[in-house]
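One structure below.
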Amino acid sequence: MATQALNSTTDWQTRDTAHYLHPFTDHAALHSEGARILTHAEGIYHWDSDGNKVLDGLAGLGCVNIGYGRQELALAAQQAMSDLSFCQSFFKTSNQQAIALAEVLAEITPAGLNHAFFQSSGSEANETAIRLALHYWALEGMPGKRNVIARENAYHGSTMLTANISGIPPMAGAGSWDFEHIHHIPAPYKYLHGPDMSEEAFAATAAQWLEDKILELGPDTVAVFIAEPFQGAGGAIIPPEGYWPRVQAICKKYDVLLAVDEVVCGFGRSGHWFGSQSFDIEGMDILQMAKGLTSAYAPLSATMVSDRLANTLIEKGGEWWHGFTYSGHPMCCAVALENIRILKKEGIVEQVRKQTGPYFKDHMMALADHPLVGDVRARGLFGGIQLVKDKASRTLFGDEEPIGEQVSAAALERGLALRDIGNTNALMPPLIISKDELDFTFSVTRLALDETARTLGLL
């Protein structure tokens, strides 16, 4: 037998499975098939160790907003690491990059969010949001307000707490913890929960689920409602118009804090700086962000806090026993500042809102006629393709039928990476994608749907 070439794809795969435990992975399948080994990336494309060029239709994980290979961010990181490689934020210590970033975030986030707390991941940002909400009510003399309401098919992270807040059943399975104060309501997914209702009627019904849960638990026991403007990893679910104003009114009526998870939606994905602005969400108490904050060039997240909560924390809190070694890391903050500068200078968010976002939506809607597609939805450069076994009855494929995975595999063979979310394929390309590149994206998507449909006898 010929000796395996050193640093060949097979060599890297062998070394990968020997030592690297991957996140959200069936490791038996990985060991059987081997990983794709990426070697470099530029713009909206990446290349693997076999030389295949792939258009990254999921922007990493909905995070590489300005695309790959921007040297400005590499230089910002290099300069920051040369000047101040690390600065802890404990013990009344700070650094210039963290201060400057907190100021910029206070400027670009919705009104009233003037205080930033830094972490390294979206999971940590959501963990901070919940801990802060509970701490706030305790400081205000209402420690009984401890219940947290989230939505089914939500994704808020994979720490013990956020895995249980997430409304995806496997997330709360083995290795998680049973948190008795966490409760879920249905997702505002009209296709499954209100197909025969008008948009307005379903918006009212979906919002009423929140009010019903608050009344069931007792308003004096509910601390916070946490939700994404539109739901990402839980199936690319976009709420109906009118849903969010009703939700805001309900939270205000019962004095329930509102924490808006912008980890996926933030920094241009919706065609606005934040998904909150796309849905006219105003007056939230907490806003969590990550991913697009640095376009994933460095691990950084932020939890933005309203004056109401911050003032209580400052004036009544004493020492807050919460934080992370890497909170406000100067290099990560410097990268975020440069990323935001590029988004502004190049008008990338406005381009999504006015040009590529509408073009993307038109392409998405054109897929609705496909025999494998039951529903399509889009907002900005984010979209979901609902796969169905039967269009007339809206029958979904079972968990044992990995149809989304088949579509993704067929697309990958043709040079496009799609995201497989069970019965849904999601698209969330880098925000710099052009109309010509969108044409290619949707041409390949339709070919992948066709190939899968043929294997099922639907074409």
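Each reported figure results from applying straightforward, stated rules to the coordinates on display, with no laboratory input. Keep in mind the model is a prediction, meaning the values are calculated, not measured. Don't worry about glycine lacking a Cβ; one is built from the backbone with ideal geometry, like all the others, and counts go over all protein chains shown.
Loop-located chymotrypsin sites (Phe, Trp or Tyr not before Pro) in region 1-92 (DSSP state other than H, G, I, E, B) with a sparse environment of at most 16 neighbouring Cβ atoms within 10 Å: TYR20, PHE24, PHE86, PHE90, PHE91.
Could you name the aspartates and glutamates in cross-link range of LYS345, using Cα to Cα under 17 Å and dropping any fewer than eight places away on the same chain? Leaving aside aspartates and glutamates fewer than 8 places away in the same chain, those within reach of LYS345 are GLU72, GLU107. Across region 119-124, rounded Karplus estimates of 3J(HN,Hα) from the backbone phi angles (6.51 cos²θ - 1.76 cosθ + 1.60, θ = phi - 60°) give 9, 10, 8, x, 4, 5 Hz, Gly and Pro being marked x. Percent of C-alpha pairs per 10 Å bin in the chain, short distances first: 4, 20, 30, 27, 14, 4, 1, 0. Residue ranges 156-168, 26-38 sort as 156-168, 26-38 when ordered by packing (mean number of other C-beta atoms within 10 Å per residue, highest first).
Placing unit charges on each Cβ (+1 for Lys and Arg, -1 for Asp and Glu) gives the chain a dipole about its Cα centre, and among PHE324, GLY271, ALA411 the Cα reaching farthest toward its positive end belongs to GLY271.
For region 282-387, the set of GluC sites (Glu not before Pro) satisfying both a DSSP loop assignment and a count of at most 14 other C-beta atoms within 10 Å is given as GLU282, GLU319, GLU346.
With helices as the sole contributors, the chain gives -12000 deg cm²/dmol at 222 nm; each DSSP H run of n ≥ 4 counts as -39500 (n - 2.57), and the sum is divided by every residue. How about LYS344: which lysines have a C-alpha closer than 30 Å to its C-alpha, ignoring those fewer than 8 places off in the same chain? Qualifying lysines at Cα under 30 Å: LYS53, LYS291, LYS354, LYS361, LYS435.
How large, in Å, is region 258-297 by the Kirkwood hydrodynamic radius built from its alpha-carbon pairs? Write out the running numbers ahead of the final one.
On the way: mean 1/r = 0.0994 Å⁻¹.
Hydrodynamic radius (Kirkwood, Cα only) of region 258-297 equals 10.1 Å.
Here the peptides 406-414, 58-66 are ranked by packing, the mean other Cβ count within 10 Å, and the order with the highest first is 58-66, 406-414. Under a model in which nothing but the beta-carbon of Lys, Arg (+1) and Asp, Glu (-1) is charged, the chain shows a dipole of about 540 debye around its Cα centre.
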